């Protein structure tokens with residue numbers, strides 16, 4: 001029996017919370033433009049985070065903390081807006097599946113920026129997870145006799161999802177770097193307030209009236225965002241970015257469940273087989289010496 005280490009469990013917990021947040025965003029996102037949707041998400045997250053800062057009193061951030069975490073805030077803005085656009089233009093399963101490219105870039109950036117070693121078991125787990133992602137995304141074409149890539153896929157949405165995966169991976173590597181030095185709540189504070197400020201203009205330009213019935217949903221979205229990012233920050237404070245990369249694949253199974261519950265999406269054979277490959281890859285990666 002394999003016992004999963006605490007950092008890995010924290011990462012999976014954070015990913016699960018953020019998957020729930022993404023499902024709610026997809027549900028409410030049909031009523032608002034992308035920039036407004038992202039702005040409302042970050043405003044709600046900022047309110048929750050500022051309240052947490054007032055309670056925890058982490059102290060005033062250093063100049064280096066401000067500089068690097070402001071950069072992370074900009075990267076977070078790019079990640080969120082591109083991902084939200086993908087959520088609005090692609091099915092939930094496809095959007096989440098494309099995001100699974102991020103562990104590959106996460107391991108790569110971890111090696112290039114942080115000098116982390118990519119262990120053989122981790123690399124094997126990443127490859128299996130990547131193959132599982134391909135099976136889940138394109139496998140329906142193999143089982144129905146249709147093309148590998150469905151004509152129904154919205155190409156700008158696909159490009160947005162892939163771009164979001166790359167920027168997300170880069171942001172997580174910086175998170176690993178700063179989590180060793182900065183108070184975690186300060187990291188999340190910059191991650192929410194910087195995008196909020198940058199989105200004021202774009203959101204105002206496309207603004208649509210917000211339904212009163214949606215206000216509580218955005219409050220929930222903000223709270224989930226705070227919880228999810230705090231869990232991830234704790235995970236990356238305790239373990240290397242490349243070691244935690246396979247945990248991202250857990251979102252595949254979570255997304256399949258959420259897609260069924262919220263959007264009546266029934267996972268097919270390709271999805272189930274892809275999930276099996278992903279889980280197998282994660283187990284192999286966790287058997288690395290020292291996990």
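Is it the case that the range 46-63 has a residue that's surrounded by fewer than 22 Cβ atoms within 10 Å (Cβ to Cβ), in contact (Cβ under 8 Å) with a residue 12 or more places away in the chain and closer than 17 Å to residue 161 by Cα? Within the range 46-63, not a single residue is surrounded by fewer than 22 Cβ atoms within 10 Å (Cβ to Cβ), in contact (Cβ under 8 Å) with a residue 12 or more places away in the chain and closer than 17 Å to residue 161 by Cα. For the range 205-247, a residue qualifies if it is in a loop (DSSP other than H, G, I, E, B) and either at pLDDT 80 or above or on the phi > 0 side of the Ramachandran plot (or both), and the qualifying residues are 206, 207, 208, 209, 210, 211. Checking 250, 280 one by one, the residue that is modelled with pLDDT of 70 or more, within 22 Å of residue 91 (Cα to Cα), part of a helix (DSSP H, G or I) and out of contact with any strand residue (DSSP E or B) (no Cβ under 6 Å at 6 or more places or on another chain) is 250 and no other. What is the number of the single condition among (1) at pLDDT 85 or above; (2) more than 21 Å from the chain's Cα centre (by Cα) that residue 196 does not meet? Here residue 196 meets the rest and fails (2). In the condition set (1) outside any helix (DSSP H, G or I); (2) modelled with pLDDT of 90 or more, residue 59 is compliant with all but (2). Taken over the range 62-97, the criterion of being closer than 22 Å to residue 224 by Cβ and either in contact with a strand residue (DSSP E or B) (Cβ under 7 Å, 6 or more places away or on another chain) or not in a helix (DSSP H, G or I) (or both) is satisfied by 90, 91. Would you check if there is a residue in the range 182-199 being closer than 23 Å to residue 248 by Cα and either out of contact with any helix residue (DSSP H, G or I) (no Cβ under 8 Å at 6 or more places or on another chain) or surrounded by fewer than 22 Cβ atoms within 10 Å (Cβ to Cβ) (or both)? Taking every residue of the range 182-199 in turn, at least one turns out to be closer than 23 Å to residue 248 by Cα and either out of contact with any helix residue (DSSP H, G or I) (no Cβ under 8 Å at 6 or more places or on another chain) or surrounded by fewer than 22 Cβ atoms within 10 Å (Cβ to Cβ) (or both).
The values are calculated or read from the model by the stated rules, or taken from the named source; none is laboratory data. These figures come from a predicted structure and were not determined experimentally. All Cβ positions, glycine included, derive from the backbone under ideal geometry; neighbour counts span all protein chains shown.
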